[in-house]
Amino acid sequence: MILTQIRKIIFDNFNNIDVRFNNDQILELLRKDQNFDQSITIDDLETQFKKIEADGLVRCIAQNFTTKWFKLYDSMKKFTCNSCNSDVFLGDDESRVCPNTECGATL
């Protein structure tokens, strides 16, 4: 669920290959959601950021202690998964598979 929220935030706020953004900015935007667990720290999100790097959505361009700066490889597009009916946000070169852990359907 958090991974989907992170992808949506990137799509809504940083969907430009020339824009750099960092994990602290993402966490700040996540915390604006009243349903988000406010006790989550940047360290708790490390695996999600590693996942979007491994998936080929972003590349790390700099790091300073726990702050990591990213850029998109390609712009993102919004899809709707026909299986779970969720909005899915993927980069151009990512595989067309629903990132929802309960689904995993081909888009």
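Does residue 106 qualify as being under 18 Å from residue 1 (Cβ atoms), loosely packed, with under 13 Cβ neighbours inside 10 Å, among the β-branched types (Val, Ile, Thr) and without any contact (Cβ under 8 Å) to a residue 60 or more places away in the chain?
For residue 106, the condition - under 18 Å from residue 1 (Cβ atoms), loosely packed, with under 13 Cβ neighbours inside 10 Å, among the β-branched types (Val, Ile, Thr) and without any contact (Cβ under 8 Å) to a residue 60 or more places away in the chain - is not met.
Look at residue 65 and say whether it is under 12 Å from the mean Cα position of the chain (by Cα) and not charged (D, E, K, R).
So residue 65 fails the test.
Inspection of the range 40-51 identifies no residue that is polar (S, T, N, Q), out of contact with any helix residue (DSSP H, G or I) (no Cβ under 7 Å at 6 or more places or on another chain), in a strand (DSSP E or B) and within 18 Å of residue 2 (Cα to Cα). Among the residues of the range 53-107, the ones that are part of a loop (DSSP other than H, G, I, E, B), under 17 Å from residue 16 (Cβ atoms) and in contact with a Ser or Thr (Cβ under 8 Å, 6 or more places away or on another chain) come to 1 in all.
Every read-out reported here was derived from the displayed coordinates using simple, explicitly stated rules and does not represent laboratory data. All values derive from a computational prediction rather than experimental measurement. Note that we place each Cβ from the backbone using ideal geometry, even for glycine, and neighbour counts take in every protein chain shown.
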